[in-house]
Amino acid sequence: MYLDTSALVPLYVPELDSEDCERIVAEAQGIFTSELCRAELVRALLAKRKYGLIDAEQQMRIFTLFEQHCDEGIVRLIPVDRSTVREAADFMQQVAPGVLLRTLDAIHLATYLSVDAGPLFTRDKRMLEAAKKLNIPLADA
């Protein structure tokens, strides 16, 4: 199963729908995501810390656990290359004007299509709309 950051964060930080995310991911044969998720997770943790939802120690512990999961192959990071970025640009054109897909979301979609990961799991509404337009199989939410 391919997860974007919106689906990955609730697995590491308690959120209202963390249990739902855990249930969905429990059925996965493996977890795949883009290498850019590493930076997006850092940003998400910094935001949670800024708003007092986690402290510095929790932030470090969560990121260390994520890195450990990557090292152990629990989470498989897929590199972003030139062809991924080109395909992302094509996707933005394909779903416009109905969906104004953000750049990083387009990169996630292009990365998803570069691997055999099973369904895509995202909680991002805009990315869901784009995935549907591109006929990308989605995880059952």
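Observations, loosely collected:
- Exactly one residue out of SER83, SER6 is within 12 Å of the chain's Cα centre (by Cα), of a type in the set (S, T, N, Q) and either over 27 Å from LYS133 (Cα atoms) or part of a helix (DSSP H, G or I) (or both): that is SER6.
- GLY118 vs. criteria in a loop (DSSP other than H, G, I, E, B), of a type outside the set (A, V, I, L, M, F, W, C), out of contact with any Ser or Thr (no Cβ under 8 Å at 6 or more places or on another chain) and within 23 Å of ASP20 (Cα to Cα): yes
- Evaluating ILE136 against the criteria (1) part of a helix (DSSP H, G or I); (2) in contact with a Leu (Cβ under 7 Å, 6 or more places away or on another chain) leaves one unmet condition, (1).
- Those residues of the range 25-39 which are part of a helix (DSSP H, G or I) and surrounded by fewer than 19 Cβ atoms within 10 Å (Cβ to Cβ), in sequence order: VAL25, ALA26, ARG38, ALA39
Residue-wise test of (1) assigned to a loop (DSSP other than H, G, I, E, B); (2) crowded, with 17+ Cβ neighbours inside 10 Å; (3) at negative phi; (4) polar (S, T, N, Q).
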site: PRO14; (1), (2), (3), (4): yes, no, yes, no
site: LEU46; (1), (2), (3), (4): no, no, yes, no
site: GLY52; (1), (2), (3), (4): yes, no, no, no
site: GLN58; (1), (2), (3), (4): no, no, yes, yes
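A short reminder: the numbers here are calculations on the coordinates, not readings from a lab. As the structure is a prediction and not an experimental result, all values here were calculated from the model. Cβ atoms come from the backbone with ideal geometry, glycine included; neighbour counts cover every protein chain shown.
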